[in-house]
Each structure stands twice: as structure tokens, then as C-alpha cells.
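The values are calculated or read from the model by the stated rules, or taken from the named source; none is laboratory data. This structure is a prediction, so every number in the text was calculated from the model and none was measured. Cβ placement follows ideal geometry from the backbone for every residue including glycine, while neighbour counts extend to all protein chains displayed.
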Ligand code: NAP
Ligand code: GDD
């Protein structure tokens, strides 16, 4: 029976990884941060299970990390905690460096100080953002790094310090260079989730327009649930090695919009260029026309807003997962791009429908109270 510690357990990946490790019989411990509202939506369904434990710790606080690591004495650590939003890293570069760079060092030192350097396997959440202003396509484990945001520069430190501890102290620590992976649990300000939520809200009459930044940006998007399995596989490997984890297929933000809106019944066409580009309704399915009579062919649903441009933007990420496929036996095509979009849109259609039902119940209740029908 193994014990794992997951930092960033409340995040998208932390929640899927917890489920995965629990299903394998692991004792799962996770670190959480104190906040004024205890909002742990992604792991709420796991709380209370006998093999699931939470501890307060922060990547900016060495003592909290030493305390939790020496208490739990994990066989495996998955360091997923990070300020993970690239655009936010331009506004909070120092905080991002403290958590995403020095935070990794704190974990490694806490493991050494706890006397676990010879036994504990450590996974570090590296990122395709390291390739940044890309020097070749597609990118593999040998592609040079060229970080292009405060987030990526911080993550590069994390990546190199893990390599350093592996070589200097012979520790089993490795990094997964993960390309973008999304899900119905993705944070709402990342572009895919922003799009699927907007498609659901527009289809159900709760939003009229979606404002986005660079529509031409290219990403290799996979399904987060498939990617957490690879984190685990990396720690079961004979030796600690870094791996690129990606699908090997690239799409633009514009493509993502097209497929997401198509799935709710709206075919989009894109007209204009650059900041003037717009996503316009080309056709609507008869089913959607019945549900939402406000929508009409020619309506502009997507516009470009400079608010979402970045001072430097990474625009051509495309991963080559050959090494993970061959050495770990991982299947990069388990969930296709179209299936991923469908999973996300279906979840958001249900979420918006539930919100609308709640609003309708509240409205009826207010009316009934006013009329004295209910007291
Ligand atoms: P996420 O949903 O943003 O989750 C980030 C987690 O880190 C949350 O649990 C957050 O806790 C925690 N955290 C933030 N600051 C912290 C701090 N100072 N101390 C302790 N915990 C802190 O991110 P994700 O998408 O699951 O990604 C997981 C990891 O993979 C991150 O390191 C990310 O940079 C990296 N990554 C992600 C992708 C991707 O496409 N998703 C690709 C490559 C690499 P709160 O809930 O309290 O905020
Ligand atoms: N967030 C966002 N919002 N991005 C937009 C928007 C918008 O309105 N419009 C266009 N984009 C573009 C961004 O400029 C970027 O080129 C691309 O869409 C993807 O942006 P995000 O979804 O925010 O993800 P990211 O690629 O910057 O970062 C994510 O993936 C990295 C791995 O490559 C995060 O999960 C990082 O933590 C992760 O390391």
C-alpha cells in the first residue's frame, strides 16, 4: 500500500489524480490553503473517504512543507501546486516566481530534511510553456526551451532544479512537460473553458457575446483525466526521466470555438482579421431555434478584445509524445479533440441549465411569497 502527497489537490489535475490514485488503493494526502471561503468544489466528493486526507500547507512556506512531508512520509509526491495562469503571471510575477520556482526547491529540500531523499519519488508539473517562443515544431524532450512569460521563466527554474537534485543527490525526481490539458473541471478563465461556458450560456440565452484575445494561437489540447495517468506512470518507471505529454495534434483557439458552438447547435463563420475578426452565426439547428428564439443568422457572437492580449504570447505549441508512448505505454489519443470539446460543452450545458432552473425557482418563490401563496 503506497502513500502519495499531492500539492495543488484542489486544482483540476489534483482532483483527477486523487481519484486515480484512490482507485489504485493509495493513501492520498493533499495540501490545501487557508482561505476565507472554504470552496473545494473539485474534491468535495472525496472528502470524508478514509484514505483521503487534507493538510494545510503553502508552497511559499517552507515550514508548512517540512511539517506535512515529515508527518506523511510519502512514497510519492506530485507537485502540482502553482500559480498556473500565464496572463496572471504578468500581473503577479514575484508571487508566481515564489510559488512556481522557489516553491519547487522548498519541496525538494523538505524531502531531504525529512530523510526521504532515497525513497520518495517526486513528480514536478513542468509545462509546454517552457518552449515558449518555439524553436521547432513539433516539440519533444530535446527541443530547446525559450520561456516567454514570467510563469514560464519560473517553471523553467522548477524544471532545472529538479534535474539538479536528480543528478546531485541521486533523487528519483522527474518532470512531466505537459501540453495544455483541459476538462469539465478546468478553471473558467482558461480559454477552452471560457469558450465552452460561453457557448452553453449563449445557447440558453444567458449571455450575448464572447470576447477573446488571440484567436490564431495554436495549442495541443488533451483531456486532463488521461494526463494524470501519465504522471503516475512516470513515477513507476525504472529510472527518473522527463517526458513530453501531448496528443500530437494541434488546433487554434478559433477551431475550438467552432467545435464548441457547433456542439450546441450554432455553426460559426469567422470574418475580418486581427482585432476586427468576428465570429458570426452562419446557421442554427432547428432544435436550438425552438429553444432560443433570440438567435439569428448573422448575429455576432465572438469579438476580439485587447484585454486578453499578452505582452508576449506563446502561439505555436505542438507536442511529440513518442517517448511517452514507447517507454510508458501511454496512449496520447485516448480522448480525441472532438470528444474533449463534447465532454466540456455537455458539462457546461448541464451547469447552465441547473443555474437557470435555480433562478426560475427563486423567481417563482419570490412571486408566491409576494402573493401570499406560500408563507
Ligand atoms: P490549477 O487548476 O490552477 O490548480 C493549481 C493548484 O495549485 C490549486 O490547487 C491551487 O490551490 C494550488 N496553489 C496555488 N498557489 C499555491 C500555493 N502558494 N501553495 C500551495 N498551493 C497552491 O492548475 P492545473 O491545471 O490543475 O495544473 C496543475 C499543475 O500543472 C500546475 O503546476 C500547472 O502550472 C501545471 N500545468 C498545467 C497544465 C494544464 O494545461 N492544465 C499544463 C502544463 C502544466 P487553490 O485552489 O487554493 O488556489
Ligand atoms: N485565457 C485566455 N483567455 N486565453 C486566450 C483568450 C482569452 O480570452 N483569447 C485567446 N487566448 C489565447 C492565449 O493568448 C493563449 O495563446 C491561448 O489562448 C491559451 O491560453 P490559456 O487557456 O490561458 O492557456 P495557456 O496555454 O496560456 O496556459 C495553460 O497551459 C500551459 C501549458 O501549455 C495553463 O494551464 C498553464 O498552467 C500551462 O502550463
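Going by the structure shown, is residue 69 surrounded by 21 or more Cβ atoms within 10 Å (Cβ to Cβ) and away from ligand 1 (no atom under 12 Å from the Cβ)? Give the steps one after another, and end with the answer.
On the way: surrounded by 21 or more Cβ atoms within 10 Å (Cβ to Cβ): yes; away from ligand 1 (no atom under 12 Å from the Cβ): yes.
Here the answer is yes, as residue 69 does meet what is asked.
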Just need a number here: residues in the stretch 1-51 that are surrounded by 20 or more Cβ atoms within 10 Å (Cβ to Cβ), in contact with a helix residue (DSSP H, G or I) (Cβ under 8 Å, 6 or more places away or on another chain) and closer than 16 Å to residue 75 by Cβ.
10
Pick from the stretch 146-184, criterion surrounded by 19 or more Cβ atoms within 10 Å (Cβ to Cβ) and assigned to a loop (DSSP other than H, G, I, E, B), ranking: farthest from the chain's Cα centre (by Cα):
171
Selection from the stretch 72-93 of residues buried (at least 19 other Cβ atoms within 10 Å of the Cβ) and within 16 Å of ligand 2 (Cβ to nearest atom) yields 78, 79, 80, 81, 82, 83, 84, 86, 89
Quick one: is residue 344 under 23 Å from residue 222 (Cβ atoms) and more than 16 Å from ligand 1 (Cβ to nearest atom)?
no
Strands (runs of 3 or more DSSP E) wholly inside the stretch 208-292 that include at least 1 residues being more than 16 Å from ligand 1 (Cβ to nearest atom) and at pLDDT 95 or above
210-212, 266-271, 278-284
State whether the residues of the stretch 53-71 include one that is closer than 30 Å to residue 248 by Cα and touching a helix residue (DSSP H, G or I) at 6+ places or on another chain (Cβ under 9 Å).
no
Would you be able to tell me the number of residues in the stretch 254-287 that are surrounded by 16 or more Cβ atoms within 10 Å (Cβ to Cβ) and more than 26 Å from residue 218 (Cα to Cα)?
1
Among the residues that make up the stretch 353-372, is at least one of them in contact with a helix residue (DSSP H, G or I) (Cβ under 9 Å, 6 or more places away or on another chain), buried (at least 19 other Cβ atoms within 10 Å of the Cβ) and within 21 Å of residue 186 (Cβ to Cβ)?
no
Go through the stretch 188-231 and report how many residues are surrounded by fewer than 20 Cβ atoms within 10 Å (Cβ to Cβ), more than 9 Å from ligand 2 (Cβ to nearest atom) and within 19 Å of the chain's Cα centre (by Cα).
2
Could we say that residue 94 is under 23 Å from the mean Cα position of the chain (by Cα), within 30 Å of residue 307 (Cβ to Cβ), modelled with pLDDT of 95 or more and within 16 Å of ligand 1 (Cβ to nearest atom) here?
yes
Taking the stated definitions as given, is residue 1 under 17 Å from residue 104 (Cα atoms) and either assigned to a strand (DSSP E or B) or away from ligand 2 (no atom under 16 Å from the Cβ) (or both)?
no
For the stretch 108-135, name all the residues that are within 16 Å of ligand 2 (Cβ to nearest atom) and either assigned to a loop (DSSP other than H, G, I, E, B) or surrounded by fewer than 20 Cβ atoms within 10 Å (Cβ to Cβ) (or both).
132, 133, 134, 135
Is it the case, given these coordinates, that residue 46 is in contact (Cβ under 8 Å) with a residue 12 or more places away in the chain, over 27 Å from residue 167 (Cβ atoms), in contact with a strand residue (DSSP E or B) (Cβ under 7 Å, 6 or more places away or on another chain) and not in a loop (DSSP other than H, G, I, E, B)?
no
Residue 60: modelled with pLDDT of 95 or more and either more than 11 Å from ligand 1 (Cβ to nearest atom) or under 18 Å from residue 121 (Cα atoms) (or both), yes or no?
no
